[in-house]
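Working notes for the structure below.
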Amino acid sequence: DGGITQSPKYLFRKEGQNVTLSCEQNLNHDAMYWYRQDPGQGLRLIYYSQIVNDFQKGDIAEGYSVSREKKESFPLTVTSAQKNPTAFYLCASSTLGQAANYGYTFGSGTRLTVV
Amino acid sequence: AQSVAQPEDQVNVAEGNPLTVKCTYSVSGNPYLFWYVQYPNRGLQFLLKYITGDNLVKGSYGFEAEFNKSQTSFHLKKPSALVSDSALYFCAVRDSGGYNKLIFGAGTRLAVHP
């Protein structure tokens, strides 16, 4: 089945540590996105990418980094510069152009907790 | 600025009664509107969309939404609520600036009581 897979489901980070969240899709989608979800704040865009080796900052990119070396993969690194990283992180993908009218496909999310 | 507002943090409804979850939007140009549902510790699932055409859009699980251009609203509705409909619902609008970015509302928690 085609889909988008996020791993791990739960992740614990110590103060000062960098951690990487994985996102892989086999939908042949061109675009991929990372959102952060906090209670009562909805989804906020961190980074997005339309093509391999290119990505743009979203609304809350500070303290995060991404790469897009393959079409299928869009990992997110939460760096030590992110002062409040505890949140639920969602990865999504979509087609572009007219086909983009179908919206996003989301992964199941990664819950990151600072310990 | 483009935005989506969901004015209710929570909506409570009795099973079998009709439900409405409200959404208003602000976007330049024609709006592309979406509703998603999220169950605990899960990703978002697509319910329905409005791109063009009929103002009443039908989607998954018996949900429908009414697009009202003059009121800039896209309210989600269901004629008869089920306890299993209890979840977090998000309205979204496509950013007219391109890149197929979606702007999400803060979400509305729907609680359906037996």
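Coordinate-derived values only; no laboratory data. As the structure is a computational prediction, the values presented were derived from the model and not from experiment. Cβ placement follows ideal geometry from the backbone for every residue including glycine, while neighbour counts extend to all protein chains displayed.
For region B:1-102, the number of Lys pairs separated by eight or more positions or lying on different chains, with C-alpha atoms closer than 19 Å, is 14. Each of A:Glu24, A:Glu15 has some number of other Cβ atoms within 10 Å of its Cβ, and from fewest to most they run A:Glu15, A:Glu24. First check a/c for chain B, with a ≥ b ≥ c the square roots of the eigenvalues of its C-alpha gyration tensor; if it is under 1.5, answer rounded, and if not, answer prolate when a/b is larger than b/c or oblate otherwise. Cα axes put chain B in the prolate bin. Neighbour counts of other Cβ atoms within 10 Å put B:Tyr32, A:Tyr33 in the fewest-to-most order B:Tyr32, A:Tyr33. The Cβ shell under 10 Å around B:Leu48 holds other residues with a net charge of +1, Lys and Arg each +1, Asp and Glu each -1.
Put a dot 7 Å past the Cα of B:Asp9, heading toward its Cβ, do the same for B:Glu66, and the two dots end up 2.8 nm apart.
Residue order for A:Thr20, B:Thr52, fewest other beta carbons within 10 angstrom first, comes to B:Thr52, A:Thr20.
For region B:65-106, what does the alpha-carbon gyration tensor say about shape, rounded, prolate or oblate, given a ≥ b ≥ c as the root eigenvalues, a/c under 1.5 as rounded, and a/b over b/c as prolate? Oblate, since a/c reaches 1.5 and b/c is not below a/b.
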